[in-house]
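Since the structure comes first, as structure tokens, the remarks are kept for the end.
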Amino acid sequence: EPEVTQTPSHQVTQMGQEVILRCVPISNHLYFYWYRQILGQKVEFLVSFYNNEISEKSEIFDDQFSVERPDGSNFTLKIRSTKLEDSAMYFCASSGAQNSPLHFGNGTRLTVT
Amino acid sequence: QKEVEQDPGPLSVPEGAIVSLNCTYSNSAFQYFMWYRQYSRKGPELLMYTYSSGNKEDGRFTAQVDKSSKYISLFIRDSQPSDSATYLCAIIASGGSYIPTFGRGTSLIVHP
């Protein structure tokens, strides 16, 4: 069964450093998402992406964040200058249509020290 | 007022029990309903997807939607220790934003 894959599974970085989280969505999906989950808290929406542009973003997704689909398969989330409070699990998801259920990857655990 | 409410638990049941997990929501525009299972340090895994009131069954799982009461449930029959996980409801509104709104999840423990 096709799945969403994310790399790396765990990333440790120092405060102020840039990180890039990578995702390969399901190949025939058109809608892509990033979510965040701080330990013990709920899954929070960051950004959605469709037709090579951001379609919606939350208040969390400020100027420190950016997304890109550099080729036909990868979808990346960049955090320019990480803060301690960026430590969380970051999940990529994709769906085939707007009201279709999202399929999630297993996440990247980001630890900012 | 939170849009999707879900009791965080933990809910502890013996193996073989019938489990009932619930979410309530406030936005009447919510029209598409999903249940996800999340194991520790893993991504949410889709279990059920429905968009109509009533019941939908898949193996040991039954999703129930009552749009008039703004209430959704997930029932697990013959629960197994491997069902121990956090269960998340997620709801999508029709029209406007199609971004799913998640509940905070209910932690389920099935003990042998």
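For the residue pairs A:Lys57/B:Lys70; A:Lys57/A:Lys83; A:Lys42/B:Lys70; B:Lys42/B:Lys67; A:Lys57/B:Lys56, the alpha carbons lie more than 24 Å apart in A:Lys57/B:Lys70; B:Lys42/B:Lys67; A:Lys57/B:Lys56.
In order along region A:7-15, the Karplus-derived 3J(HN,Hα) couplings, from 6.51 cos²θ - 1.76 cosθ + 1.60 at θ = phi - 60°, round to 9, x, 6, 9, 10, 10, 9, 8, 3 Hz, and Gly and Pro are given as x.
Among residues other than A:His103 with Cβ under 12 Å from its Cβ, the summed charge is -3 (Lys and Arg +1, Asp and Glu -1). A compact globular protein would have a Cα radius of gyration near 2.2 N^0.38 Å; the ratio found for chain A is 0.99. Taking 20 °C and 1.002 mPa s as conditions, the protein assembly as shown diffuses translationally at an estimated 118 µm²/s according to Stokes-Einstein applied to its Kirkwood radius (Cα pairs). Computed from label points 7 Å out along Cα-Cβ, the spacing between A:Leu84 and B:Asp7 is 3.6 nm. Of interest is the spacing of the C-alpha centroids, which for region A:85-113 and region A:14-76 amounts to 7 Å.
Backbone phi angles across region B:23-38, fed through the Karplus curve with coefficients 6.51, -1.76 and 1.60 (θ = phi - 60°), yield HN-Hα couplings of 9, 10, 9, 10, 8, 5, 7, 5, 9, 10, 10, 9, 10, 10, 10, 10 Hz in residue order; Gly and Pro are listed as x.
Per-residue mean of foreign Cβ neighbours for B:35-44 is 5 (Cβ atoms of other chains, 10 Å radius). Among the GluC sites (Glu not before Pro) within region A:1-99, those in coil by DSSP and having at most 16 neighbouring Cβ atoms inside 10 Å are A:Glu3, A:Glu18, A:Glu59.
In region B:4-111, Rg over Rh equals 0.96, where Rg is the alpha-carbon radius of gyration and Rh the Kirkwood radius from pairwise Cα distances.
Per-residue 3J(HN,Hα) values for region B:90-98, derived from phi via the Karplus relation 6.51 cos²θ - 1.76 cosθ + 1.60 with θ = phi - 60°, read 9, 9, 10, 7, 8, x, x, 6, 9 Hz in sequence order (x marks Gly and Pro). For chain A, give me the percentage of DSSP beta bridges that are antiparallel, rounded to the nearest 5 percent. Taking every DSSP beta bridge within chain A, about 90 percent pair in antiparallel fashion. Under 5 Å from the amide H of B:Met48 lie the amide H atoms of B:Trp35, each residue being 5 or more positions distant or on a separate chain, with H modelled from the backbone and absent for Pro and chain starts.
Exactly which chymotrypsin sites (Phe, Trp or Tyr not before Pro) in region B:18-86 are in a DSSP loop and have at most 15 other Cβ atoms within 10 Å? Walk me through the numbers before you get to the answer.
Values: sites: B:Tyr25, B:Phe30, B:Tyr32, B:Phe33, B:Trp35, B:Tyr36, B:Tyr39, B:Tyr49, B:Tyr51, B:Phe61, B:Tyr71, B:Phe75; in loops: B:Tyr39, B:Tyr51.
Qualifying residues, ordered by number: B:Tyr39, B:Tyr51.
Could you list which residues have their amide H under 5 Å from that of A:Tyr31, counting only those 5 or more apart in sequence or on another chain, with H placed in the peptide plane? Under 5 Å from the amide H of A:Tyr31 lie the amide H atoms of A:Ser95, each far enough along the sequence or on another chain.
Can you give the net charge of the other residues whose Cβ lies under 12 Å from the Cβ of B:Ser20, counting K and R as +1 and D and E as -1? Intermediate values should be presented prior to the final figure.
Details: positive: B:Arg77; negative: B:Asp7.
Summing Lys and Arg as +1 and Asp and Glu as -1 gives 0.
Restricting the GluC sites (Glu not before Pro) of region B:1-83 to loop positions (DSSP other than H, G, I, E, B) with no more than 16 neighbouring Cβ atoms within 10 Å leaves B:Glu3, B:Glu15.
All of the numbers you see were taken from the coordinates with simple rules; none came from a lab. Note that the structure is a prediction, hence the values are computed from the model and not measured. All Cβ positions, glycine included, derive from the backbone under ideal geometry; neighbour counts span all protein chains shown.
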